[in-house]
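What follows is a short report on a single structure.
Each value in this text was obtained by applying a stated rule to the coordinates, not by laboratory testing. These numbers come from a predicted model, not from an experiment. Backbone-built Cβ (ideal geometry, glycine too); neighbour counts: all protein chains shown.
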Amino acid sequence: MSLFSKDQPIAQSHRTRQRFSSLVVVIFAFCFVSTLGSTAQESTAQESNSNPTAETEAEATPDQPVDENAPEEEEKKEEPLPTLEEMQPLSVEQLMKGPAEDWIVLKAKDQVLVVQPVDPRPNTLEFLADRLKYPDKYEPKSFGLDEEGKPLTGEALDKAKRIWRKTLVYLEVHMPFDKNDISEDADRKFFIPFRVIKEIIYFEDLMLKQIDTFLDQKKISEAYEMVVVLRKRNSKWPGLQFREEGLLFAESARLVDEKKFELALVDLEQLHERNPKYPELTDATANVADLLIKEADAAGDFRRARHFLERLKARFPQHRTVTRWTDTLTARTAALMQEAQTAESVGEIEKALASAEKAALVWPNTSGLRTLYGRLARRYQRLRVGVLLQPRDVPTPLNRTVADDRQRELTQSTLFEPDYLDEQIVRYRSGFLNEWEPTNLGRRIRFQLRPYRQSWESQPVTVALPMIRQLSDKMQTDSQHFDERLSDRISSVAQKSPFVFDVEFENVPLRPEPLFSYALNGPGSFELAKHDERSITYRRAIPEQPDDNQYHIAEVVEVQYDTPEKAIQGLLRGQVDMLPQIPLRDVDILSEQSSFFVQKYQLPKTHLVQFNNQNKALRSRALRRAMAACLDNQRLLEEFVLKSPPNGKARLTSAPFPQTSYAYDTAVLPQDYDIELALALSIAARKELGGALPKLSLRAPPDPESRIIAKQLIAAWARIGLDVTLAEDDGSAGEDDWDLSYRIISMREPAVELWPLLTGKETAEIADLKYLPNWLRQKLVELDRVSDWSRAENLLHGLHRDMAAEAQVIPLFEVDEYLIVRKTVRGVPEAPISTYDGIEQWVVQPWYPIK
């Protein structure tokens, strides 16, 4: 039977306490008589001078406790004290909440006296014995004062010392408090000769026994709660540490039963730190580690397998499980190295590198592996990039994501591509042209193609005729690639030689490079090689030759992660070499990592809400302004983008283009948050729209952070009575099937890109402008035909002011963006324009993690 039970009451009534008090006096009387007969006469003469502690115990204690508490004759006839076997176990509630009580077991028939906690504790009897044997160690510094208030001296002091020594054979105890006993002596103290005490069962020991019972019953939570209570009572109580260790061991066993092996290993490791010699700890730890290693091995996660093997080895280096797995993994690595060498010998470098990479994951410190891997990795360079999104099958201007932009950058070529930001203007470069020279006062440009290619270039030499055909195709009204704006600008195209052609313009273009930044026919620098659920692989369109002196990136593998935190973890573990975007809150921390470069993009990203002007309700100026005024953009920026107070990495804005752009008018301030104005404007809009506000849908990018911000926008609009729903991001919506769009853009050329932005079309036509206000339509057309730079700036500044006043779009904020790349990747621009800026010349130096 368990020592404790919640169903068994504590047998401590007021009557029982009275009986205990009576029996205590009987004990004193018995000790008094026996001491007189056995020790007093023998020791008086011999020990009175040499050992004062042996003076007769028959003399009464200083306050005569036996005589004062002598019971009446009829009380002595009461039932005896309960024996240890008869004691009812304490309930769990009393053990947890008290009051605390000790059990004094007497030598006479193992009778038990329940008292308040004795002092000192534990080892009370040992203390009393030592005090009786060596009284001088425990003699008090003062024995009181005389009638004059001075310390005792002479005979009075000697008498006080004799009286004190006579008390050394007694243990002072206090009866448990009984709230039903309100008599004056309800809390009487008693003195028990410690020679009649067999043992003391402390309240803490009773708790330890209950903890043992809980552990036997596998009630881990209950045992833990009692351990916590006992630790608060006395954290150094003998046996508590062993129970805490047992609790860890039992908890690990429970976690193993639940197949939570990693948590079980953590408990066993904590137990090892506390007590490396705990029984069965060695094999239990090895068994759990073995299960984890097997699980990782089956999943092909050798880094994880090595991790658990190292944790086991750090504690039990000679265990057979360590030896077995070490031999297994080293043998597997040797086999993979042999596969790599065989593939290399027949020229299958990519296959050889795959085997060497796997060998580096299995057992990276294998002799000769680093040399083999370095040779192969230099020849076939692979860049691994951690991303959050994969590209869409058919992206549109409104649902295009950063993943779509990355794919287009790798797989599509343009005649011109951005190179760097020169103050407020983006400068361009071309991988196809030697030069492009304006003539005839800028009305004609001669394009001279390069008749050769560098060894690192992954595109073939291009002649003039294919480019002329593609340009002509964009000028034909019956072509599916017809570009009305480009067609209106160009009057003729003429080939002058296989590598030279002229383009004649109707009027002088403001800047020719943005006009020709469309995708060319044919592959880009890389082509899509493989696409699965969690990764996408791009390979160099034209592989580098085996005899090249310097090799460059041959393959880009984008590995998808579910969250930015997991992507950063993958970077730090060596799973990837680069992250195209990192959360702003982590920029400063990651910048301190010595193994990485954190690079800031030259152009920020602007977050905005765009209206579909084909929706008649959204042509209401009052409604658009109300929707803008009710947005607390500063709060959105700090809580959901920065996730911290302002730190200079993001800011409110009033335009869809960067604040550093030539188009930005610094006199136009961001929209203030004004809920009262928003409510007033919404009332005006309701009247204007016939008494009711429309129900609208909002498109948003698919990443979790953007969806959260979109929900905040919807909640803000709801406060002015506007019902907006978040559209599902399943890719099924048509190009015109939208009302509002939350977009994240980076506008390089406002003079060219503002028209497509407002119409929501990639190559806008005049017809697409018919839904815009007349003033806006006229200014966009005028801007498209302007040739003078100062006139273009004035027009753009005016458009900025008018669009802000009319709330044609709702600019929210602009955010600086950063990429992080391992220092083993060389050639990444210090301030890139885009993710894969100049990737054809990047070099990945051989490296793999050894931990």
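Here are a few things to note about the model shown:
- Per residue of the chain, the DSSP helices (runs of n ≥ 4 H) give a summed -39500 (n - 2.57) that works out to -12500 deg cm²/dmol at 222 nm.
- What you get for segment 228-380, charging only the Cβ of Lys and Arg (+1) and of Asp and Glu (-1), is a dipole of about 540 debye around the Cα centre.
- The charge dipole of segment 733-818, taken about its Cα centre with unit charges on the Cβ atoms of Lys, Arg (+1), Asp and Glu (-1) only, comes to about 360 debye.
- Alpha-carbon Rg/Rh ratio, for segment 226-352, with Rh computed the Kirkwood way: 1.20
- Per residue, the average separation of C-alpha pairs within less than 8 Å and at least 6 apart gives segment 219-348 a relative contact order of 14 percent.
- Contact order for the chain, expressed relative to its length and based on alpha carbon pairs under 8 Å spaced 6+ residues apart, stands at 11 percent.
- In a reduced charge model with +1 at each Lys and Arg Cβ and -1 at each Asp and Glu Cβ, the chain shows a dipole moment near 2580 debye about its Cα centre.
- Computed over segment 605-815: relative contact order in percent, which uses C-alpha pairs under 8 Å that are six or more apart: 40 percent
- For the chain, the Kirkwood hydrodynamic radius from C-alpha pairs, put into Stokes-Einstein at 10 °C and a viscosity of 1.306 mPa s, yields a diffusion coefficient of 44 µm² per second.
- Once both labels are positioned 7 Å from their Cα atoms along Cα-to-Cβ, the gap between R534 and E199 label points is 5.8 nm.
- Multiplying the residue separation of V500 and E705 by 0.36 nm and removing their Cα-Cα distance gives an extension gain of 69.0 nm.
- From least to most packed, judged by other beta carbons within 10 angstrom and beginning with the fewest, W717, W237 follow the order W237, W717.
- Proximal lysines to K649, defined as alpha-carbon separation beneath 30 angstrom and excluding residues fewer than eight positions away on the same chain: K566, K600, K605, K711, K823
- Of the residues Y742, Y561, the one with the fewest other Cβ atoms within 10 Å heads the list, and the complete ranking is Y561, Y742.
- Bins of 10 Å, starting at 0 and running to the largest distance - Cα pair percent for segment 613-688: 18, 35, 35, 12, 0
- Share, in percent, of DSSP beta bridges within segment 605-815 that are antiparallel, nearest 5: 70 percent
- Look at the Cα gyration tensor of segment 622-762: its axes a ≥ b ≥ c give a/c under 1.5, and that counts as rounded.
- For F203, F516, the sequence from fewest to most other C-beta atoms within 10 Å is F516, F203.
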